[in-house]
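To start, the structure under review is shown below, and the notes come after it.
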Amino acid sequence: MLSEEEARTKILTAVPTLPVAKVPLRQAAGRFSATDLVATTPLPSFDNSAMDGYAVIASSATKGARLKIVGDQPAGVSRNLRVRPGQAVRIFTGAPLPAGADAVVMQEETKRDGDFVLIQAEAVSPGEFMRKTGGDLAVGQPVAGEADDLALLGG
């Protein structure tokens, strides 16, 4: 009886190696990568909000805190806003986090009071409702390759 490794070697020796072909990505379904591919840019490419709410410094956002709203950051281009202790920035899902912010309080856990927001969340932890740069795909992370059966487009 053959071992698994002996059987694998025998099969791979009997199967001819196909030539490498460069094809547009649209035509790559059902194929495998002939070389290792690694990410060259992070995904997401910037720290951003995972919720609609308020970007804050977690240590300032205790239950009952009243924070001054110092700006609005919609999704899209950064407005280069900054949050300091005792402040908040209204933020929307996917929007770039303002400098200084280390958490997002979702809007359901707040109450707006004019130019202030009242924090109703029991606790706000650093990193809460944030998507960090490279959190889905980091620079240098393998995307597809010839080793370890990494398939390109499910081949």
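Brief remarks on what is shown
- Axis of helix 4-14 versus longest Cα principal axis of the chain: the two differ by about 70°, to the nearest ten degrees.
- For Lys68, the lysines whose Cα falls under 28 Å of its own Cα, not counting residues fewer than eight places away in the same chain, are Lys111, Lys132.
- Helices in the chain, meaning DSSP H runs of at least 4 residues, each add -39500 (n - 2.57). Divided by all residues, the mean residue ellipticity at 222 nm is -2000 deg cm²/dmol.
- Given +1 at the Cβ of Lys and Arg, -1 at the Cβ of Asp and Glu and no other charges, the dipole of the chain around its Cα centre is 680 debye to the nearest 20.
Read the figures in this text as sums done on the coordinates, not as results from a lab. Only a predicted model underlies this, so the values are computations on that prediction, with no experimental measurement involved. All Cβ positions, even for glycine, are placed from backbone atoms using ideal geometry, and neighbour counts span all protein chains on display.
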